[in-house]
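In what follows, a single structure is set out as C-alpha cells and then discussed.
The values are calculated or read from the model by the stated rules, or taken from the named source; none is laboratory data. Fair warning: this is a prediction, and the values are worked out from it, not measured in the lab. Counting neighbours? That spans all protein chains shown, and the Cβs are built from the backbone with ideal geometry, glycine included.
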Amino acid sequence: AVNITDLNQNREQDKRFAFIRSDNGPTTSFESAACPGWFLCTSLEADQPV
C-alpha cells in the first residue's frame, strides 16, 4: 500500500490516479487525492458501471 502523504510534491499528476480508501461499516468509499471531496460512486443496481 502507498501512503498518500509519501507522493512526491513534484509529481502532482500522479495524484489524478490516487484515491484514499475509507471503510465505515458496510460502506467503503474512495476519495480523490487530487480533488478532495470527489468520490468514486457505484449504482445501487447490479452490473452497472462505476
Members of region 19-50 that are in contact with a strand residue (DSSP E or B) (Cβ under 8 Å, 6 or more places away or on another chain) and assigned to a loop (DSSP other than H, G, I, E, B): ALA33, GLY37, TRP38, LEU40
Please work out which one of (1) at pLDDT below 80; (2) exposed (fewer than 10 other Cβ atoms within 10 Å of the Cβ) is the condition PHE17 fails and give its number. (1)
